[in-house]
Amino acid sequence: MKEATIEIEDKIDELLTCLDKDIQHIQECSLQLNELRSLVVKRNDVSLGKLLETIRVESDSYRSCESQRQSLRKELAIAFGCNPGQMTLSRLEAALPKEKKAQVAERKAKLRVLTEELKKEHLSTALLLSDCARFNSLLLKSIFDLGSTGIVCYNSNGATKRQDDTAFVNLSF
């Protein structure tokens, strides 16, 4: 029985380490979203490309932490006699002794705050990109629709006549 308790404590320590990585990852994501917005506004394509590549590489490396957390969740669910879907930090916190309970509660609170901050950063970024797309669409539409009234006029020879004075771009060969 004592061996099982030690094994559970080891799993909890591994989970706490994994939660620390989650906290660090969420903080980095918030900073990256803020930097992404800044680079979009500044129109710095080179730095934006580098940032997007960094984000891709980091997300690939973070997958191992996610799979480790899910594995630990399953193992702890088995140890506490519940389904993996029912194994939450709140449930784990309730079943732990005082010292471990405080550590889990601290990380849970920090994760809650950081996820709310990340949601705000994500919403701000999504709104900026949406406005950029809308503005670009309106700009392109105004450029390509400039001078076109949708009405075709013919001269006395039966040929269409272009209004040279209303075109945005006049190209002569």
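Structural remarks
- Index of the failed condition, R56 passing every other in (1) more than 22 Å from T125 (Cβ to Cβ); (2) out of contact with any Leu (no Cβ under 9 Å at 6 or more places or on another chain); (3) surrounded by fewer than 16 Cβ atoms within 10 Å (Cβ to Cβ): (1)
- Residue satisfying all of: in the stretch 89-105; surrounded by 13 or more Cβ atoms within 10 Å (Cβ to Cβ) and over 14 Å from D13 (Cα atoms); modelled with the lowest pLDDT among these: A95
- Unmet criterion (only one of (1) at pLDDT below 90; (2) among the hydroxyl-bearing types (S, T, Y); (3) open to solvent by less than 70 Å² (accessible area, probe 1.4 Å)) for S61: (3)
- Looking only at the stretch 36-49, and only at residues there that are under 10 Å from T125 (Cβ atoms) and open to solvent by 30 Å² or more (accessible area, probe 1.4 Å), the one that is nearest to the chain's Cα centre (by Cα): R37
- Just one of the numbered conditions (1) in a helix (DSSP H, G or I); (2) open to solvent by less than 50 Å² (accessible area, probe 1.4 Å) is not true of C82: (1).
- Filter pass, V46 being touching a residue at least 60 places away in the same chain (Cβ under 8 Å), closer than 30 Å to L129 by Cα, part of a helix (DSSP H, G or I) and hydrophobic (A, V, I, L, M, F, W, C): no
- Boolean, L140 is farther than 30 Å from V40 by Cα, at pLDDT below 90, open to solvent by 70 Å² or more (accessible area, probe 1.4 Å) and among the aliphatic types (A, V, I, L, M): no
- Just one of the numbered conditions (1) among the hydrophobic types (A, V, I, L, M, F, W, C); (2) modelled with pLDDT of 75 or more; (3) more than 27 Å from the chain's Cα centre (by Cα); (4) open to solvent by less than 60 Å² (accessible area, probe 1.4 Å) is not true of L118: (3).
The values are calculated or read from the model by the stated rules, or taken from the named source; none is laboratory data. Remember, predicted model here, so these are calculated numbers, not experimental data. We place every Cβ from the backbone using ideal geometry, glycine too, and count neighbours over all the protein chains shown. Remember, those area values only see protein heavy atoms, side chains included, never the ligands or the DNA or RNA. Shrake-Rupley method; radii C 1.70, N 1.55, O 1.52, S 1.80 Å.
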